[in-house]
Amino acid sequence: MASVTASSVKFSSVSCLIKQSQVSNLKKASLSFAGNGFQSRRLPVLRFRVACAAKPETVKKVVDIVRKQLALPEDRDVCGESKFSVLGADSLDTVEIVMGLEEEFGICVEEESAQSISTVQEAADLIEELLEKK
């Protein structure tokens, strides 16, 4: 059984502290576990990512734009976790990808947000967030 409060989750004999500053933007959270009933075992520090997953069709459109902008062959695997840099994008390519996304989705991405995008999924999540505000 688990109970949830504003910044912590408590399981029977394992407590977990979520740092509020790391979840305010809903992108990343860091968890530390300490076991009360596990004196003979040391529990590792576990980390996980909290993300607002974009719709599959949004991710698909982003993949298509990235594939077109970087002139990637159809057999090249591009998915949500694909990093622009691993796909061969330089800073100019990334700017052009963002411009293509703005045009396709009718949104305006602020420079600060654009600079924080490094994966297809991050781009799709940002698009969904901006479309909700629209």
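No lab work stands behind these numbers, since they all come straight from the coordinates. These numbers were taken from a predicted model, which means no experiment stands behind them. Because the Cβ atoms are built from the backbone with ideal geometry, glycine has one as well, and the counts that use them run over all protein chains shown.
A few notes on this one:
- Flagged links, alpha-carbon separation over 21 Å, of Lys61/Lys134; Lys68/Lys133; Lys68/Lys134; Lys83/Lys134: Lys68/Lys133; Lys68/Lys134; Lys83/Lys134
- At an R0 of 30 angstrom, the distance between the Cβ atoms of Asp77 and Leu131 translates into a FRET efficiency of 0.70.
- Under-5 Å amide H pairs with Ser85, H placed in peptide plane, nonlocal only: none
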